[in-house]
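Notes follow the structure.
The values are calculated or read from the model by the stated rules, or taken from the named source; none is laboratory data. The structure presented is a predicted model; accordingly, all values stated were derived computationally and were not measured. Neighbour counts run over all protein chains shown; Cβ positions are idealised from the backbone, glycine included.
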Amino acid sequence: MRCPFCGSEDSQVKDSRPSDENAAIRRRRVCADCGGRFTTFERVQLRELTVLKRSGRKVLFDREKLSRSISVALRKRPIEPERIDRLVSGLVRQLESSGETEITSADIGELVMIALRELDPVAYVRFASVYRDFRDTADFHAVLRELADETRDPLDTGNRFGGDRDGLFEPKKL
């Protein structure tokens, strides 16, 4: 493993342990040349995935990019980092086990939207606003209505924010 500090290819493993619920191995390493210490992770990769972008360009799938985009949507939300890692691992497993080696960015985006919708509605709206390229507040209203309709009690005559669709942001009076 190449040292990130000096570039030497001579490093030694000092400690190994399972991480991510035994889905990866965490290794602490030390460089024999400069003495720098660093951590590496080993993960099982079922197949190498290629992402087909909307522009037609093909790029290698990047787990870290997926993790970053989900983390941005979940920023300042009460979700533990371990739960985010499990979500990302689950999505990657789902993509790898699909049998396809080429996956469209739209398919990945839809999978993330489904996962975020179940995990945290605020993160779902944040991600949707970027993924679906919201242009104005009407786009936000549509997604919020959709979420409100899903969570509304069928016996309730109004939505959870107010008594009618026009009062979407008016809280119910208790």
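Of all residues in segment 138-151, at least one satisfies being modelled with pLDDT of 90 or more, assigned to a helix (DSSP H, G or I) and of a type in the set (V, I, T). No other residue among R28, R17 is in contact with an Asp or Glu (Cβ under 7 Å, 6 or more places away or on another chain), in a strand (DSSP E or B), not polar (S, T, N, Q) and not assigned by TED's automatic domain parsing to the domain that holds V130 apart from R28. Residues that are β-branched (V, I, T), in contact with a Pro (Cβ under 7 Å, 6 or more places away or on another chain) and farther than 29 Å from V122 by Cα: does segment 48-59 have at least one? Checking segment 48-59: not a single residue is β-branched (V, I, T), in contact with a Pro (Cβ under 7 Å, 6 or more places away or on another chain) and farther than 29 Å from V122 by Cα. Candidates V44, V125: the one that is among the hydrophobic types (A, V, I, L, M, F, W, C) and farther than 30 Å from E9 by Cβ is V125. If you go through segment 17-41 and keep only what is exposed (fewer than 13 other Cβ atoms within 10 Å of the Cβ) and of a type in the set (S, T, Y), you end up with just T39. Exactly one residue among V92, V72, V88 is surrounded by fewer than 17 Cβ atoms within 10 Å (Cβ to Cβ) and β-branched (V, I, T), and that residue is V72. Figure legend. Inter-residue proximity from segment 83-106: first residues in contact (Cβ under 8 Å) with a residue 60 or more places away in the chain, second residues of a type in the set (S, T, Y), beta-carbon distance below 8 Å, spacing 6+ or different chains. Indicated pairs: D85/S67.
Scanning segment 42-62 for residues that are hydrophobic (A, V, I, L, M, F, W, C), surrounded by fewer than 13 Cβ atoms within 10 Å (Cβ to Cβ) and more than 25 Å from Y131 (Cβ to Cβ) turns up at least one hit. Filtered by the rule that a residue be of a type in the set (K, R) and in a helix (DSSP H, G or I), segment 59-85 gives R63, K65, R68, R83. Among the residues here, S67 qualifies as under 24 Å from the mean Cα position of the chain (by Cα), of a type in the set (S, T, Y) and buried (at least 16 other Cβ atoms within 10 Å of the Cβ).
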